[in-house]
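As structure tokens, the structure follows; a few thoughts come after it.
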Amino acid sequence: MVSNPTPTRPLDVRITTENKKDQKWAGPFAKKHIRLPDRYQKPVAPTPVGDSFIKTDGFGIQYVISPTLNPQHRTPKTVPVILPTAYWLTDGKLPPLVPSWPETHSSSFSKDPLQFLNQPSSHVHNLFGERRFSLELNPLLQGIQEPSLHVNSENDIVEVHLSVWKPSPDTLPSILAALAMTTKLNHDKPMRITINSAAEDSEILKILMATEGWEKVTLPKRSGISTTFDYDPKTTTLVQGTLPGGILISSRPDGRISLKPPKK
């Protein structure tokens, strides 16, 4: 299966119907489909599927729009929460940022949308009863101890306090970018984040201490470090704050928001 078909590597769809009458509706879908340009090439238009098309909203989130079912081309009015993920960490690839629309009446949302970043995200369903088998995608929940996330959004800057144990350093940019983006999209304010760890030899704190703009702070019984992030949804960039390793938030030619390494 070609997940990202390009002009030189298209998705060749062929449809065989048992009833010849079904060929009338199935025929238009049987063709070579593309979605993305080849590497280092100019953007290309995705192959039309029926009368539907792809629309990218102001958050860089894409939707398949069917004019027949959605003549006004509407997209959700609610603001998404951006979730970090912890897969695709091979061959130097950065983990994706995934938009989610939580139920606004849930207990977590009533506290603060940022609390959803402290919820489990699994791409497999547990069918093993008491055998807790799961592939957890949320990097905040992959450590030996669950993190503690506290949010105060009453002031001009949203204060976020995150207590972590030992998440993978590779997931730090995804976690911080998701927090900064969700804060701005839902509160329209910058975010001041303070991170502390119970681990005295925390590799996380060492990495952040070596990152521009982060400063050590005094916390009860623990070491801590703090900085301010301000995300601009219009330019899909950070106008304040630095992610570890110089990782950047950027918008791809097709409108999707992703993380990318700094230019060498």
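The values are calculated or read from the model by the stated rules, or taken from the named source; none is laboratory data. Since the model is a prediction, treat every value here as computed from it, not as a measurement. All Cβ positions, glycine included, derive from the backbone under ideal geometry; neighbour counts span all protein chains shown.
At-a-glance table
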quantity: Region 162-195, residues that are surrounded by fewer than 18 Cβ atoms within 10 Å (Cβ to Cβ) and under 20 Å from the mean Cα position of the chain (by Cα); calculated: SER168, PRO169, ASP170, HIS187, ASP188, LYS189
quantity: Residues being of a type outside the set (D, E, K, R), touching a Pro at 6+ places or on another chain (Cβ under 7 Å) and under 26 Å from HIS187 (Cα atoms) - total across region 212-261; calculated: 10
quantity: Filtered residues of region 41-62 (kept if of a type in the set (Ser, Thr, Tyr) and modelled with pLDDT of 80 or more); calculated: THR47, SER52
quantity: Top-ranked residue of region 216-238 - restricted to ones that are charged (D, E, K, R) and surrounded by 12 or more Cβ atoms within 10 Å (Cβ to Cβ), ranked as modelled with the highest pLDDT; calculated: ASP230
quantity: Residues located in region 15-41, provided they are more than 30 Å from ARG252 (Cα to Cα) and in a loop (DSSP other than H, G, I, E, B); calculated: ILE15, THR16, THR17, GLU18, ASN19
